[in-house]
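The values are calculated or read from the model by the stated rules, or taken from the named source; none is laboratory data. None of these values were measured; they are calculated from a predicted model. Cβ: placed from backbone, ideal geometry, glycine included. Neighbour counts: every protein chain shown.
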Amino acid sequence: MKAQIDRNKALVILDWCTKKFGKSKHQTSFPKMRFCKSSGMSDKNYEDGLRGWYNDKTNTIIIFGGSNTSMRELCTTMIHEYKHFKLDPDEYVSLHHDLIKMGKTLDNIHVNHPHEKRCIRAERTWGDTCFNQLRNKLYKHS
């Protein structure tokens with residue numbers, strides 16, 4: 001049976017992240033979360049839609065429920081975006097500009113940006129742990 005991915009499940013995972021990873025030294029408060037049922041923005045890099053996005057200007061993690069196909073994937077998406085919350089947004093922009101000056105394409109930047117690499121490493125390191133610790137809560141009928 002496929003689990004129903006919804007806002008409440010995403011909030012459970014966000015709560016886990018706040019307890020596990022704590023605050024960011026680059027923001028004054030924990031991130032807010034916005035849950036969209038859609039599959040995210042149309043982008044050729046994301047064939048099935050963008051799974052999530054962190055907006056540092058509003059300190060908001062946006063989760064696109066329609067692009068997350070499982071609870072495990074929802075966990076990794078939230079961890080990835082939470083890691084962006086923890087990292088310095090000014091450094092992100094600076095590194096992005098450096099990669100453009102080096103002649104990198106936008107497709108290539110997503111793969112080679114040091115922040116993206118850290119976020120991917122975090123989701124791979126913590127995704128299974130998060131899912132296993134929250135499995136019962138995530139599959140409980142609301």
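Restricting the stretch 1-20 to residues that are part of a loop (DSSP other than H, G, I, E, B) and not acidic (Asp, Glu), the residue that is modelled with the highest pLDDT is Ile5. Quick one: Lys57 ticks every box in (1) under 15 Å from the mean Cα position of the chain (by Cα); (2) at pLDDT 90 or above; (3) not hydroxyl-bearing (Ser, Thr, Tyr) except a single one, so which number is it? Checking Lys57 against (1) under 15 Å from the mean Cα position of the chain (by Cα); (2) at pLDDT 90 or above; (3) not hydroxyl-bearing (Ser, Thr, Tyr), the one that fails is (1). Among the residues of the stretch 21-35, is there at least one that is modelled with pLDDT of 95 or more, surrounded by fewer than 21 Cβ atoms within 10 Å (Cβ to Cβ) and assigned to a helix (DSSP H, G or I)? Taking every residue of the stretch 21-35 in turn, at least one turns out to be modelled with pLDDT of 95 or more, surrounded by fewer than 21 Cβ atoms within 10 Å (Cβ to Cβ) and assigned to a helix (DSSP H, G or I).
In the set (1) part of a helix (DSSP H, G or I); (2) touching a residue at least 40 places away in the same chain (Cβ under 8 Å); (3) closer than 21 Å to Lys37 by Cα, Ile63 fails one condition alone, (1).
How many residues are without any contact (Cβ under 8 Å) to a residue 40 or more places away in the chain and farther than 14 Å from Leu87 by Cα if we restrict to the stretch 107-132? Residues in the stretch 107-132 being without any contact (Cβ under 8 Å) to a residue 40 or more places away in the chain and farther than 14 Å from Leu87 by Cα: 7 in total.
Has the stretch 24-42 got at least one residue that is among the aromatic types (Phe, Trp, Tyr) and touching a helix residue (DSSP H, G or I) at 6+ places or on another chain (Cβ under 8 Å)? Show your work before the answer.
Initial filter on the stretch 24-42 (among the aromatic types (Phe, Trp, Tyr)): 30, 35.
From what is left, the residues that are touching a helix residue (DSSP H, G or I) at 6+ places or on another chain (Cβ under 8 Å) are 30, 35.
Checked against the condition, which is being among the aromatic types (Phe, Trp, Tyr) and touching a helix residue (DSSP H, G or I) at 6+ places or on another chain (Cβ under 8 Å), the stretch 24-42 yields at least one hit.
Restricting the stretch 36-49 to residues that are of a type in the set (Ser, Thr, Tyr) and either at pLDDT 95 or above or not in a strand (DSSP E or B) (or both) leaves a set whose member that is surrounded by the most Cβ atoms within 10 Å (Cβ to Cβ) is Ser39. So is Asp88 under 22 Å from Lys19 (Cα atoms) and acidic (Asp, Glu) or not? So Asp88 passes the test. When Thr69 is tested against (1) surrounded by 13 or more Cβ atoms within 10 Å (Cβ to Cβ); (2) outside any loop (DSSP other than H, G, I, E, B), only condition (2) is not met.
Filtering the stretch 101-142 to residues that are modelled with pLDDT of 90 or more and of a type in the set (Val, Ile, Thr) leaves Ile120, Thr125, Thr129.
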